[in-house]
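Just so it is clear, none of the values below were taken in a lab; they were calculated from the coordinates. These numbers come from a predicted model, not from an experiment. Glycine also receives a Cβ, built like all others from the backbone with ideal geometry; neighbour counts cover every protein chain displayed.
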Amino acid sequence: MTLGTHRSVAPAEAQKRRADLLYPMCSQGSGPLALSPPIATGFPGRMDSREPETIDEACQPSATVDLYWIPLGAGQHIVRLSGRLFEAISARVQRRRPCDLYHSALVVVAPEGRFVIEQTPVPDAHGERRGVVLEGPVGSRFAGRFRLFRYEVHRWRDGVIPDIAEAVASVRVTDDPAKASQLLDLVPSVPALVWGRDEGHTGDMWNSNSVISWLIATAGLDLGGIQPPSSGRAPGWRAGLEIAARDGERARPSSVESVGDGRFS
């Protein structure tokens, strides 16, 4: 697969508006700092359980990008408890009711093959087996010298999402083969920022949701139907959108020609 350097990014101003309007939020809130209710998304209440042979294969798209919402800490008791503690503190500070927290991952089917894109802890030194394209520090750059405090982002051919059975909802982001391939090409370009910190000064931490939202926004895909399940929240989503917008602003002079009065059409 060719790792392209092209980036089809929407204008920064439009991306910033998307960050304000489309940041996945919790619908349970009260008080002046409450988060806004999510827009309707048409998410299924459960995963599609139809047997493959019952689906008319002729009607299936040749390429897909599917996003899965997985409860934070699914299958990991300590992560689940720490996530609940984090959300309880955040909710108290923002004077709202706590939300369920979600982690996101992508399954991409493209002309190049089927791939799983996800940010996870580094389990071992054999990242090539999982298609790891970059690693980053957790908590601090100093701590990132040790494997226990590093994360990986993988573009795993024929890979798996270990806790996908726990996913409560999914959304099809696109079925355009060119866009699916472009998104795959972008994965090595994901910023390797410190997990759990706000190095981008976006008002939101960098984490697995940031990686996914950065990829979707940078690939120029539609963000309009993406929200976590009802009463849920996806910390880090805004960080990915806002950093993608900044990247797009920096890329404009070399990648986009001026049109008319200099504004994008």
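Ranked highest first by average number of other Cβ atoms within 10 Å, how do 214-225, 105-116 line up?
So the order, starting with the most tightly packed, is 214-225, 105-116.
Which FRET efficiency, nearest 0.05, do A143 and S62 yield, Cβ-Cβ r, R0 45 Å?
For A143 and S62, the calculated efficiency is 0.55.
Among 234-242, 180-188, 203-211, 137-145, how do they line up by average Cβ neighbours within 10 Å per residue, starting with the highest?
Top of the packing list down: 234-242, 203-211, 180-188, 137-145.
Sequence-distant or interchain residues sharing an amide H contact under 5 Å with R97, placed H: which?
Counting only residues 5 or more places away or on other chains, the set is G29, S30.
Using a 7 Å offset from the Cα along the Cα-to-Cβ direction at both R95 and A165, what is the distance between the two label points in nm, to one decimal?
The answer from the label model is 4.5 nm.
If amide H atoms are built 1.01 Å from N in the plane of the peptide, which residues on other chains or at least 5 residues away come under 5 Å of the amide H of R150?
So R150 has HN proximity to V122, V138.
What translational D, rounded to a whole number of µm²/s, comes out for segment 108-265 from Stokes-Einstein when the hydrodynamic radius is the Kirkwood one over Cα pairs, at 25 °C and 0.890 mPa s?
The diffusion coefficient I find is 145 µm²/s.
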